């Protein structure tokens, strides 16, 4: 069973969000990295990019597949994790820590309430594994 | 992916072992097979550095018996079975009249019969194809011999070619990696050092005969073991339980089987080979022996060889990050020249690599420019790649 921290919120497309005021730290769930397998490349957005909830945020290549990471909230990308460019495997090793992807400064923080709780996401993860 | 279990999928005799090891399962060639246990990269590197164990029981086995079996196999396949003797394996192709490939396979000369090891996805069509060709072969070549009175030397059965699908009788394990000889030798209690590449021999395991062949699909030294299905879980477990220098054999799934064969540039049916791709295009012309006499596809292949194939297989290595995938288009000087037949990530090179089928003129233009740069077109981006020689990673098979 994959790790689903209580304090985070989740999108149906398997991104997680950690909220700190208007800042949303974003990554992909442990379940998502397990399904993808060995991550070998990430294509993160540039700082300053504006995204709406549900837009393509980034792309990810694993050994077996390529996938899209969607913006779980709307706003401006204010930080990207350059460490995952050099060592993409940290997304597998530590998806909720060192493997974070971007920080979005939220334009409508209320969107977070529409994201799933850990308990709700656990049902989604169970359903497709 | 772990819930692909479907009533319509066949299962390997090692299915319970895979479940016990927590494998992620996938559909392949009509079978439910493990795609990975711990991770593709880890399994891949275990084979390159130590030893990995694959279940290849999905592969099909077809035996060909009868007095005229050698003539029939030479008529059916493109390679020349006269070039091998009992105890030897040969890579060969089964083509249709126009030279398109029905399947690529291994022929094992068992002495009293030939055993063809074929791709899982083609096993049923292969069997039907071979049976139908055997009919034609009998009518065409097996002219009844005049039987001298009182002679018992040639019965009607002698002139028969018999084709049997024996896939359900056998499990196939592949033990691959630099320590494979030590591991298998210890488990069987025999020395395997005399066995050469593409040679096989029978050994005893649990009181029954098993066939050990020094072959594989990874580019490492290693063995493929053909054994009765009922014995396979015992051998599987004993191989995984053997500790050598503090290390164990790593169970490996189809994911690493694919990434390992891609690093070698080995063909995979449905990708590098198909009914629409002939052997010269695919770069496996070495398995076609035009000088051996009449065989199915021979006249067409002879013409293709004389005029030169219109497409050619090339090997590409990315010069930037990214992972090429089968179906991506390849362009050179802004012109579309073909497509990626297999693409992936090389854990050894830490680069994206691909095999591509491209226009033959473009291929020779590329060949003349040395470090020719092409691009691989994906939906979101264009990946820079250069043409390289195969294999991508040096082979370490024991020649």
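Observations
- Number of positions in the range B:83-108 that are touching a helix residue (DSSP H, G or I) at 6+ places or on another chain (Cβ under 7 Å) and surrounded by fewer than 21 Cβ atoms within 10 Å (Cβ to Cβ): 4
- Test: residue in the range A:101-112 that is part of a loop (DSSP other than H, G, I, E, B), in contact (Cβ under 8 Å) with a residue 24 or more places away in the chain, away from chain B (no Cβ under 14 Å) and crowded, with 20+ Cβ neighbours inside 10 Å: yes
- Looking across the range B:21-40, just one residue is free of Cβ contacts under 8 Å to residues at least 40 places away in the same chain, farther than 19 Å from residue B:249 by Cα and within 13 Å of chain A (Cβ to nearest Cβ), and that is B:25.
- Being away from chain A (no Cβ under 14 Å) and either over 20 Å from the mean Cα position of the chain (by Cα) or in a helix (DSSP H, G or I) (or both) holds for only one residue in B:256, B:191, B:267, and it is B:191.
- Among (1) in contact with a strand residue (DSSP E or B) (Cβ under 9 Å, 6 or more places away or on another chain); (2) surrounded by fewer than 22 Cβ atoms within 10 Å (Cβ to Cβ) - the single one residue B:235 does not satisfy: (2)
Residues are listed down the side, and each one gets a yes or a no for (1) touching a residue at least 24 places away in the same chain (Cβ under 8 Å); (2) closer than 30 Å to residue B:238 by Cβ; (3) part of a loop (DSSP other than H, G, I, E, B):
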site: B:61; (1), (2), (3): yes, yes, no
site: B:64; (1), (2), (3): yes, no, no
site: B:79; (1), (2), (3): yes, no, yes
site: B:82; (1), (2), (3): yes, no, no
site: B:106; (1), (2), (3): yes, yes, no
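- Of the set (1) modelled with pLDDT of 95 or more; (2) crowded, with 20+ Cβ neighbours inside 10 Å, all apply to residue A:35 but (1).
- Subset of the range A:48-58 [within 14 Å of another protein chain (Cβ to nearest Cβ) and either at pLDDT below 95 or under 22 Å from residue A:83 (Cα atoms) (or both)]: A:56, A:57, A:58
- Of everything listed in (1) within 14 Å of chain A (Cβ to nearest Cβ); (2) touching a helix residue (DSSP H, G or I) at 6+ places or on another chain (Cβ under 9 Å), the single unmet condition for residue B:238 is (1).
- Taken together, the residues in the range A:18-47 that are assigned to a strand (DSSP E or B), within 14 Å of chain B (Cβ to nearest Cβ) and in contact with a helix residue (DSSP H, G or I) (Cβ under 7 Å, 6 or more places away or on another chain) amount to 2.
- Residue that is surrounded by the most Cβ atoms within 10 Å (Cβ to Cβ), among those in the range A:88-97 that are part of a loop (DSSP other than H, G, I, E, B) and either in contact with a strand residue (DSSP E or B) (Cβ under 8 Å, 6 or more places away or on another chain) or within 11 Å of chain B (Cβ to nearest Cβ) (or both): A:95
- Filtered residue count, the range B:275-290, keeping only those that are within 14 Å of residue B:309 (Cβ to Cβ) and outside any helix (DSSP H, G or I): 6
- Note on the range B:318-333: residues that are more than 14 Å from chain A (Cβ to nearest Cβ) and either surrounded by fewer than 17 Cβ atoms within 10 Å (Cβ to Cβ) or out of contact with any helix residue (DSSP H, G or I) (no Cβ under 8 Å at 6 or more places or on another chain) (or both) amount to 4.
- Residue A:125 being touching a residue at least 40 places away in the same chain (Cβ under 8 Å), within 13 Å of another protein chain (Cβ to nearest Cβ) and more than 30 Å from residue B:328 (Cα to Cα): yes
- Selection count, the range B:36-59, where residues are touching a strand residue (DSSP E or B) at 6+ places or on another chain (Cβ under 6 Å) and not in a loop (DSSP other than H, G, I, E, B): 7
- Taken together, the residues in the range B:378-397 that are loosely packed, with under 14 Cβ neighbours inside 10 Å and under 30 Å from residue B:221 (Cα atoms) amount to 2.
- Qualifying residue in the range A:66-76 (condition: within 14 Å of chain B (Cβ to nearest Cβ), in a loop (DSSP other than H, G, I, E, B) and within 24 Å of residue A:37 (Cβ to Cβ)): no
- Residue B:342 vs. criteria within 17 Å of residue B:218 (Cα to Cα), touching a strand residue (DSSP E or B) at 6+ places or on another chain (Cβ under 6 Å), at pLDDT 95 or above and more than 10 Å from chain A (Cβ to nearest Cβ): yes
- Filter pass, residue B:363 being assigned to a strand (DSSP E or B) and in contact with a strand residue (DSSP E or B) (Cβ under 6 Å, 6 or more places away or on another chain): no
- Residue pairs whose Cβ atoms lie under 8 Å apart, sitting 6 or more positions apart in sequence or on different chains, and linking a residue in the range B:238-255 that is surrounded by 14 or more Cβ atoms within 10 Å (Cβ to Cβ) to a partner that is modelled with pLDDT under 95 and in a helix (DSSP H, G or I), do not occur here.
- Considered as a group, the residues in the range B:346-359 that are buried (at least 24 other Cβ atoms within 10 Å of the Cβ), over 18 Å from residue B:310 (Cβ atoms) and out of contact with any helix residue (DSSP H, G or I) (no Cβ under 7 Å at 6 or more places or on another chain) include one that is nearest to the other protein chains (Cβ to nearest Cβ), and that residue is B:352.
- Considering the conditions (1) more than 14 Å from every other protein chain (Cβ to nearest Cβ); (2) in contact with a strand residue (DSSP E or B) (Cβ under 7 Å, 6 or more places away or on another chain), residue A:84 is excluded by exactly one of them, (1).
The values are calculated or read from the model by the stated rules, or taken from the named source; none is laboratory data. Since we're looking at a predicted model, the values are computed, not measured. Cβ atoms come from the backbone with ideal geometry, glycine included; neighbour counts cover every protein chain shown.
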